[in-house]
Amino acid sequence: MRYVVLLGLIGVTTAMGSSAWPYTEAIVTDGGQVSGTVRLEGHVPKPKGYNLTTLPDPFYCGRISDGQGWRILQPFNVGPAGAFREVVVYLEGVEKGKPFHEAGTPQIEAKDCLFLPFTTVVRDDQSVTVVNMDPVMHDIQAYETSHLGARVLFNVPLPMNPQHPRNFKDHSEAALYHKHMAGAPTKQLVNLSKGRRIFVMQCGFHAYMESWGVAVTNPYFAKTDEQGRFMITDVPPGAYKLVVWHPYIRTVHEQTVTITPNGSVETTIVVQAPTGRLYANEVLDHDYVRYSVTAEQKNEIEPMIHKQEH
């Protein structure tokens, strides 16, 4: 069975519904699967821009920058033919089925002044582990979010490995330092309020570091790969909502899929790219005036790992 769906705007919200009954783990003997591709249609939104000279550790974090003293954050990871990567796809309405994978606590790494991965899936009331791989300090500020506003989940420092150098002699030494070593892991419980499913984690020192998460109530979820592909297996026969989630798509996108015993559903999901200005610090087409970067600063902040484009 194959679907091609153009998903429209179903309603502005980030507080998604959940099952009225707790999920029950059981053996699935005649499960089917749903797989497919998620594509972003339209112009990829502009990224965010951050002046590295206004934030700590510009030389080390500037190893990923645009060569003009700016760090770029593009929340939309889109490949050829609109392949929409790092999108979470999950089923709602499954009350009984396969167990959650015992893969341990989800881990987020601070590496090269990035939180990786950009999107994470957790089980509600489950912990996440955050590890600092960098030779600079980071600070975790995590919030649950919805149309009702934000609420702080936790705010803790993220220590670096003590074997990293504490102070670089100059900007060149900082830019040329590429060693990653794990600091003491920080484990935090994600305990969301009733009706809320979304949380965001940012660094209190480096504003361009952010990672988003969605809490699920059953193990029937997947993240899209480099080709925008996903697959959810061992699904009990029945009709369910297939939900597509990305933190900067401010609308719920869903469709109904019917799984037959040992059946397979293939779908192509087209998400319309949002238009207009999505964030206050959107990269502009012209030079920034208020926080200009001098020629000397541009020369000192070297994109040794990756020169970003925008």
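For segment 142-272, please report how many Lys pairs fall under 25 Å Cα to Cα, leaving out neighbours fewer than 8 apart on the same chain.
On the way: K169/K179; K179/K187; K187/K223; K194/K223; K194/K241; K223/K241.
Lysine pairs meeting the criterion: 6.
Under a point spin-label approximation (7 Å from Cα along Cα-to-Cβ), what is the T129-H310 distance to one decimal in nm? Placing both labels 7 Å beyond Cα along the Cβ direction yields 3.4 nm.
Considering helices alone, the calculated mean residue ellipticity of the chain at 222 nm is -1000 deg cm²/dmol, with DSSP H runs of length four and up weighted by -39500 (n - 2.57) and normalised per residue. Each semi-axis of the equivalent ellipsoid for the chain is √(5λ) with λ an eigenvalue of the Cα gyration tensor; in descending order they amount to 37, 23, 17 Å.
Once the C-beta distance of H180 and S264 is scaled by a Förster radius of 41 Å, the resulting FRET efficiency is 0.50 to the nearest 0.05.
Looking at the chain, which longest stretch skips every one of the GluC sites (Glu not before Pro) that is in a DSSP loop with at most 12 other Cβ atoms within 10 Å, leaving the sites themselves out? Formally, the longest exposed-site-free interval is 103-225. Between E226 and T24, the FRET efficiency estimated from the beta carbon spacing at R0 = 41 angstrom works out to 0.75.
Hey, what's the Cα Rg ratio for segment 101-217 versus the globular rule of thumb, 2.2 N^0.38 Å? Expressed relative to 2.2 N^0.38 Å, the Cα Rg reads 1.13. Of the trypsin sites (Lys or Arg not before Pro) in segment 131-240, the ones in a loop by DSSP (not H, G, I, E or B) with at most 14 other beta carbons within 10 Å are R166, K169, K179, K194. Taken about its Cα centre, the chain carries a charge dipole of roughly 400 debye when the Cβ of each Lys and Arg holds +1 and the Cβ of each Asp and Glu holds -1.
Rolling a 1.4 angstrom probe over the chain with all protein chains present gives an accessible area of which 53% lies on carbon and sulfur atoms. Summarising the label geometry, the points placed 7 Å from Cα in the beta-carbon direction at S193 and V44 lie 3.5 nm from one another. Ordered from longest to shortest, the equivalent ellipsoid semi-axes for segment 174-257 are 32, 17, 15 Å, each the square root of 5 times a Cα gyration tensor eigenvalue.
List the chymotrypsin sites (Phe, Trp or Tyr not before Pro) in segment 164-271 that DSSP assigns to loop (not H, G, I, E or B) and whose Cβ has at most 13 other Cβ atoms within 10 Å. Which are they? Answer in residue order: Y248.
Using Cα pairs under 8 angstrom and six or more residues apart, how large is the relative contact order of the chain, in percent? Numbers along the way, then the final one.
Values: 753 pairs, mean separation 111.2, N = 310.
About 36 percent, as a whole number.
The values are calculated or read from the model by the stated rules, or taken from the named source; none is laboratory data. Please read all numbers here as calculations on a predicted model, not as lab measurements. All Cβ positions, even for glycine, are placed from backbone atoms using ideal geometry, and neighbour counts span all protein chains on display. Accessible surface is based on the protein model in full, side chains and every heavy atom, while ligands, DNA and RNA are left aside. Shrake-Rupley method; radii C 1.70, N 1.55, O 1.52, S 1.80 Å.
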